[in-house]
Amino acid sequence: MALIDDNALRRELKDIANYIHSLRREIGALQANDLRHKRIPAAGQELAAIVKATEQASNTIMECAEAAMAADPSDPAAYKAFVADRMTVVFEACGFQDITGQRVAKVVEMLEHIEARVSRFAEATGAEDAHGPASDKEALEAERKLRLFIHGPQLDGEGVGQDEIDEIIEDQPASATQTDIDLLFA
Amino acid sequence: MSADASLPILIVDDYKTMIRIIRNLLKQLGFEDVDEAADGSEALTKMRGRKYGLVISDWNMEPMTGYELLKEVRSDPALGSTPFIMVTAESKTENVIAAKKAGVNNYIVKPFNAQTLRSKIDAVFAG
């Protein structure tokens with residue numbers, strides 16, 4: 001009887017050892033330090049560069065528009081030349097779209113890379129998600145967004161358009177109906 | 001009745017680019033007396049120092065959102081009657097209803113154009 005128990009124990013320990021070995025292999029394959037120190041910061045840098053480029057382009061375009069609107073039209077030839085010069089700068093500034101498109105493609109590629117590694121790890125380890133927010137900070141931020149109705153821009157087909165907003169603003173009664181209340185808590 | 005061109009207007013947005021866009025659109029519509037604030041708390045401070053004829057505010061800002069600013073304004077007897085237009089990318093129905101209940105005068109979803117801005121300002125002052 002004791003021999004059977006020893007064998008069973010050995011098998012259990014061997015299974016645990018195999019699982020630990022497998023887990024170590026999967027953790028290694030996840031390359032978490034590579035994600036943390038290289039890929040995720042690189043994606044962040046690309047997104048920051050996109051924000052900067054779009055801001056610079058917007059400012060350049062608006063400066064040109066402001067200069068054109070403020071230009072003196074009393075000398076038509078000079079005015080035309082000035083406006084044409086400013087419009088050339090506008091076209092040049094619009095080149096940001098090509099570069100930002102390439103940067104977005106790099107970020108998408110990085111996200112796909114991260115997704116593949118995390119998916120493989122989750123499948124190999126049978127990981128299940130814990131319920132609720134991952135940290136107190138995340139919980140506070142989620143509560144703030146819920147309380148202040150912060151959703152950010154909606155994708156095409158989501159949210160309501162200006163016409164529907166106008167109807168709500170014009171027709172919505174001042175006192176809340178149950179439907180209104182339900183919508184607020186939906 | 002349409003808004004007087006001398007109307008002092010406060011734009012509240014945390015993106016300088018959007019402030020510049022709205023400022024230029026207002027200029028095209030004839031409004032020259034335009035001030036700006038980067039979030040709700042700065043706007044509130046400015047509103048307590050000067051009487052504005054219209055506030056045009058974004059929704060999603062930190063630390064104080066446009067929605068919180070609207071509620072603060074409506075609960076302050078000295079500021080409560082200030083016309084308030086929300087200009088935001090927040091386009092969920094619940095946002096519009098919440099803003100309406102909080103006392104917003106009109107609501108514009110981004111992106112928008114000068115004609116929409118003009119019509120909403122006119123609607124506020126016609127109502």
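Just so you know, all these numbers are worked out from the coordinates, no wet-lab data involved. Quantities reported herein were computed from a predicted structural model and do not represent experimental measurements. No Cβ is skipped: glycine too gets one built from the backbone with ideal geometry, and neighbour counts run over all protein chains shown.
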Notebook entry, point to check: How big is segment A:98-177 in terms of Cα radius of gyration and Dmax, in angstroms?
Noted result: 20.2, 56
Item checked: Calculated FRET value between A:H21 and A:K106, using beta carbons and R₀ = 30 Å, to 0.05 -> 0.25
Checklist line | Debye, to nearest 20: dipole size of segment B:1-116, +1 on Lys, Arg Cβ, -1 on Asp, Glu Cβ | finding: 240 debye
Next item on the list: With springs connecting C-alpha atoms under 10 Å apart, model chain B as a Gaussian network and identify which of B:G40, B:G30, B:G66 has the largest mean-square fluctuation.
Entry: B:G30
Next item on the list: If a/c stays under 1.5 just call it rounded; otherwise compare a/b with b/c (prolate if a/b is bigger, oblate if not). Do that for chain B, with a ≥ b ≥ c from the square roots of the Cα gyration tensor eigenvalues.
Entry: rounded
Check: Hey, got the dipole for the protein assembly as shown? About the Cα centre, +1 on K and R Cβ, -1 on D and E Cβ, debye to the nearest 20?
Finding: 720 debye
Check: How many percent of Cα pairs in the protein assembly as shown exceed 34 Å?
Finding: 44 percent
Check: What are the DSSP H helices in chain A that stretch 15 Å or more along their long axis, judged by alpha-carbon atoms, and whose average Kyte-Doolittle hydropathy comes to at least -0.5?
Finding: A:2-30, A:40-70, A:76-93, A:96-125
Check: How high is the FRET efficiency between B:E32 and A:K52 when r is their beta carbon distance and R₀ equals 25 Å, given to the nearest 0.05?
Finding: 0.20
